[in-house]
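Participant: First, the structure itself, so that you have it in front of you.
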Amino acid sequence: MELSRLFRRHWHDIGLAFALIAAVYLLLRWTDLDVLQRLVIANFIVVLLHQFEEYSWPGGFPAVANLVFMRLAGMSRYFKPLNQLSSAVANVVFAYVFYLLPVFFPHVIWLGLATVLVGAVLQVIGHALVVNYQLRSLYSPGVATAVFGWIPLGVIYIYYVQRHGLADGWVWLAAIVYMAVAMTLIFYVIEQRLLGGDDPPYPFENDEMERFHIADQLAAARRTREAKRGNAGE
């Protein structure tokens, strides 16, 4: 397999290996690390596990993005369907720049706080609420790591920095602004404007789109909604 195709198809599997390496490091160095260092390393591990859950096992996020999100009201006016390359590049930058920077600068609170807000707020809303509602399901790819990884990490991180007076209003403002700028650059400029398009050279392959049977779940959810509308109209 050529290197570029290996990257496009398996960046999320490679991420699992880095998550395991980071987890071993965290366990071995636990007593040498302070609380903030432990939290940001754990946060980095969760984002890699999250991407593995979305794209590898159980997978199905390519279909979630292109069949669920793209069909929400008005989304298709501003966003193009994802493809292998756009997803790979954007998510690698997301994990290895946005989430890895706080590992090297754990005491720059706004850096870490921004990643916590993305995980514990945006990811939970997107996966556990929006997607699950559209599919009429309690689970969709990415929910487990968002709910059982980012929510507890977010609560602990925010409690710690607030209790120790590490996050005043300016820190929160910096974190929110940085989060907004980073998400725009990664998931709009890179993923959409630079690498997105209606006819991409590297579309998702069939097995990537068929994982977790998202299309079938979406169709079943539509039938359920239509049946309820029909019953209400009788």
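Read-outs: derived from the displayed coordinates by stated rules, not from any lab. Just so you know, these numbers come straight off a predicted model, no measurement behind them. Here the Cβ is made from the backbone with ideal geometry for all residues, glycine too, and neighbour counts use every protein chain on show.
Participant: Do you know which residues across region 116-171 are in a loop (DSSP other than H, G, I, E, B) and farther than 24 Å from residue 71 by Cβ?
Facilitator: Answer for region 116-171, where residues must be in a loop (DSSP other than H, G, I, E, B) and farther than 24 Å from residue 71 by Cβ: 164, 165, 166, 167, 168.
Participant: A further question follows. Determine, yes or no, whether residue 91 is part of a helix (DSSP H, G or I), in contact with a Leu (Cβ under 6 Å, 6 or more places away or on another chain) and of a type outside the set (Ser, Thr, Tyr).
Facilitator: No, not satisfied.
Participant: Among the listed residues 93, 97, 46, which satisfies the condition of being hydrophobic (A, V, I, L, M, F, W, C), closer than 26 Å to residue 179 by Cβ and crowded, with 21+ Cβ neighbours inside 10 Å?
Facilitator: 46
Yes or no, residue by residue, for (1) surrounded by fewer than 20 Cβ atoms within 10 Å (Cβ to Cβ); (2) more than 30 Å from residue 211 (Cβ to Cβ); (3) not hydrophobic (A, V, I, L, M, F, W, C):
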position	(1), (2), (3)
113	no, yes, no
136	yes, no, yes
143	no, no, no
159	yes, yes, yes
168	yes, yes, yes
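Participant: Give me the residue from region 190-234 that is hydrophobic (A, V, I, L, M, F, W, C) and in a loop (DSSP other than H, G, I, E, B) and, out of that set, nearest to residue 84 (Cα to Cα).
Facilitator: Within region 190-234, the match that is nearest to residue 84 (Cα to Cα) is 204.
Participant: Would you confirm, using the coordinates I've provided, whether residue 174 is touching a helix residue (DSSP H, G or I) at 6+ places or on another chain (Cβ under 7 Å), of a type in the set (Gly, Ala, Ser) and on the phi < 0 side of the Ramachandran plot?
Facilitator: It is true that residue 174 is touching a helix residue (DSSP H, G or I) at 6+ places or on another chain (Cβ under 7 Å), of a type in the set (Gly, Ala, Ser) and on the phi < 0 side of the Ramachandran plot.
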